[in-house]
1. DSSP loop GluC sites (Glu not before Pro) in the stretch 48-135 with at most 15 other Cβ atoms within 10 Å of their Cβ, which ones?
2. Report, by chain and number, residues whose modeled amide H sits under 5 Å from the one on Asp79, excluding near sequence neighbours (fewer than 5 apart, same chain).
3. Can you sort Ile200, Ile171 from fewest to most other Cβ atoms within 10 Å of each residue's own Cβ?
4. With Rg and the Kirkwood Rh both taken from Cα atoms, where does Rg over Rh land for the stretch 10-217?
5. Expected output is a single nm value to one decimal: the length gained when fully extending between His23 and Glu105, i.e. 0.36 nm times separation in residues minus the C-alpha distance. What is it?
6. Put a dot 7 Å past each Cα toward the Cβ at Ala140 and Val185; how far apart are the dots in nm?
7. How many nm is it between the label spots at Glu36 and Ala81, if each spot is 7 Å from the Cα in line with the beta carbon?
8. Cut-off is 10 Å between beta-carbons; in what order do Tyr96, Tyr18 appear when sorted fewest neighbours first?
Amino acid sequence: MAKRALPDLSRFGRLAEYNRKRHFAVTPEPPGRSVERAADRPREFVVQKHRASQLHYDFRLEHRGVMLSWAVPKGPSLDPAVKRLAMETEPHPLDYNQFEGVIPEGEYGGGTVMIWDRGVWAPVADNKLGDDADVDRQLAKGELKFVLLGKKLAGSWTLVRTRGGRQWLLIKHRDEHVSTDDVTVANPRSVVSGRTMAAIARVAGASERQLARAAGADPATTEARAAKAASRPAARARSRSPRRAAGS
């Protein structure tokens, strides 16, 4: 029996791979379409926390009508001494910047997606803001320099290709925005909804397995620390009671 021919996706250009991997009658992700940026509109960036088979952060930069994308397993770091592995993936459509929810099980990348950070970015060339041609040249060279202005990430950064065609390092440059704090733990919630991963999964009607994975992707911070702090006075009171009784 002859194999069924794959659909012709050439009309989607740089988004052909994105469209090929997804069934849009099933997934709530947006279909891929390229959109040209108006000359007076800043370039967008977004970081989406994604608990698929493994937790990672999808780092995306708008360039020539699509979102260039890298999967960062440990998430961005504000510490210049920490170099984060960033695996280049297929470009995504600009509409994806608005996507927060759950990709169904069995679909490519199935799992919970959070809009962890977003804002605008600009390339840097010769110590000044660059243009699309500078981005093209730097990507070809394997070292993209840029500035971010987001809710959680800001300042000067670089992406450096290390080996092969898709392996890069995401590195923070030294400036007033550096920190040794883990920003993924200190600021874990969505910049759009304010929800945790577990809350996003719950609202979107995730499966039990996806809900458990999403909850596991939330750092033990806000609720856990509040609960622990609330339990301390009672614990101290219990520990003091026997001593007071013994001394009375």
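We did not get these values from a lab; they are worked out from the coordinates using the rules stated. Note that the coordinates shown come from a computational prediction; the quantities given were computed from them, not determined experimentally. Note that each Cβ is placed from the backbone with ideal geometry, even for glycine, and that neighbours are counted across all protein chains shown.
1. Numbers: sites: Glu62, Glu88, Glu100, Glu105, Glu107; in loops: Glu100, Glu105, Glu107.
Counting only loop positions with at most 15 other Cβ atoms within 10 Å, the GluC sites (Glu not before Pro) in the stretch 48-135 are Glu105.
2. Those lying under 5 Å, H to H, from Asp79 are Ser179.
3. On the way: Ile200 26, Ile171 19.
Fewest-to-most Cβ neighbours within 10 Å comes out as Ile171, Ile200.
4. On the way: Rg = 16.6 Å, Rh = 17.5 Å.
For the stretch 10-217, the value is 0.95.
5. Working: separation 82, 0.36 × 82 = 29.52 nm, distance 1.20 nm.
The His23-Glu105 span can extend by a further 28.3 nm.
6. In this crude spin-label approximation the distance works out to 4.3 nm.
7. 4.8
8. On the way: Tyr96 21, Tyr18 24.
Taking fewest neighbouring Cβ atoms as first place, the list is Tyr96, Tyr18.
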